[in-house]
1. Criterion first (assigned to a loop (DSSP other than H, G, I, E, B) and within 23 Å of residue 89 (Cβ to Cβ)) does residue 216 satisfy it?
2. Can you tell me which residue is modelled with the highest pLDDT among those in region 190-200 that are within 18 Å of residue 65 (Cα to Cα) and in contact with a helix residue (DSSP H, G or I) (Cβ under 7 Å, 6 or more places away or on another chain)?
3. I need the full set of residues from region 142-175 which are in a loop (DSSP other than H, G, I, E, B) and crowded, with 21+ Cβ neighbours inside 10 Å, in order please.
4. Have a look at 196, 230, 187 and point out the one that is in a loop (DSSP other than H, G, I, E, B) and not assigned by TED's automatic domain parsing to the domain that holds residue 51.
5. Looking at residue 206 and the list (1) touching a helix residue (DSSP H, G or I) at 6+ places or on another chain (Cβ under 6 Å); (2) assigned by TED's automatic domain parsing to the domain that holds residue 16; (3) not in a helix (DSSP H, G or I), which single condition is not satisfied?
6. Out of 105, 61, which single residue is without any contact (Cβ under 8 Å) to a residue 12 or more places away in the chain and part of a loop (DSSP other than H, G, I, E, B)?
7. Among (1) in a helix (DSSP H, G or I); (2) out of contact with any helix residue (DSSP H, G or I) (no Cβ under 8 Å at 6 or more places or on another chain), which single condition is residue 275 missing?
C-alpha cells in the first residue's frame, strides 16, 4: 500500500469535478489510494466513482449543514496511511505528482500565498499605513484572540488550502482545526462567511489562524512544487463557473489538457451514467471559446435566478 492517501470531498454539485480529478490522477499513473468524502450523493454517482481502482467513499453526515469544504480535516483524519494529501476537487493534475505530494513529520507541505493574493483578499480590512502584502492587524487581532495561544504570529502571510500534505503525527492539529471551525464559524456556514472580517474564507481562514497562532502548528515546508509550471502540477479551477458548467477565461487555458483526460477516462471504461456535460464535449469547443469572456456574467445571472426561485 502507498504511504500517502489522496483525500477530497464534495456534494453532488461537484461530482463531475471529483470524477475529473480522479481521472487525471489515474491517467498520470499515480496509484495512491484515494478517499472521497461524499455528501448526499445518489447511488449512481457513488457507483461511477468506485469504478476507478483504489478509490474509497466515506459518507459525510447529512446533519452537517456547513459547506463541504469545512470537512477537509475530518476526511484527512479518516485516511489510514502515514501521509495524507488533500486536493480540492475542482482541479486536475497535469501529470504524475507523487514525488511532490510529500511532507515530513512536524511539517505541512502547503503553498504560501503571495503578497498580491493577500492584498486582494484583505483590501477592505487594511488600515492606512499597513503593508499591502501582509495580513491586516484587524484580522490578526481576531485570530490571536480566538486561538488564544501565541501573542506573536509565526509569519506575516497565510497559505492556500487547495493542496496540502501532512504526516499522520499532525492528527491532533487536524482535530484542533475541526474544533476551531466549530468554535468560530456558523453551523450552517456556506463557502464564504458573508459579513465576517476574519473568517470570510471559512476553513481556509481558520487553518491560517492556527498556522499563525497555535503553539503546536506544524512548520511550513520550505519547498512546494505542486505549482511548478516546468513540470507536472495541480491546476485549480478556482474561478466560477466551474468547467462542468461553463468554461471561463482562466480555466479555458487548460481546455485541451482537460479533454485529453476525459478522452482517456471514456476510452478506459470510466464513463459515468450521467450525461456528459456539453462543456466536456469537444464538438462544442468553438462555442465555449467564444462564450468564455462572458462566463462571469452568466454565473451571476444564474445566482440571481436561484435566489428569485427560492423567494417565490
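The values are calculated or read from the model by the stated rules, or taken from the named source; none is laboratory data. Everything numeric here is computed off the predicted structure, so don't read it as measured data. When we count neighbours, we look across all protein chains shown, and the Cβ atoms used for this are built from the backbone with ideal geometry, even at glycine.
1. no
2. Residue satisfying both the conditions and the ranking: 199.
3. Residue satisfying the conditions is 158 alone.
4. 230
5. Among (1) touching a helix residue (DSSP H, G or I) at 6+ places or on another chain (Cβ under 6 Å); (2) assigned by TED's automatic domain parsing to the domain that holds residue 16; (3) not in a helix (DSSP H, G or I), the lone unmet condition for residue 206 is (3).
6. On the way: 105 fails: without any contact (Cβ under 8 Å) to a residue 12 or more places away in the chain.
Exactly one of 105, 61 is without any contact (Cβ under 8 Å) to a residue 12 or more places away in the chain and part of a loop (DSSP other than H, G, I, E, B), namely 61.
7. The failed condition is (1).
For every residue, the table says whether it meets (1) exposed (fewer than 15 other Cβ atoms within 10 Å of the Cβ); (2) under 20 Å from residue 272 (Cα atoms).
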residue: 26; (1), (2): no, yes
residue: 39; (1), (2): no, yes
residue: 44; (1), (2): yes, yes
residue: 50; (1), (2): yes, yes
residue: 63; (1), (2): yes, no
residue: 68; (1), (2): no, no
residue: 76; (1), (2): no, no
residue: 85; (1), (2): no, no
residue: 89; (1), (2): no, yes
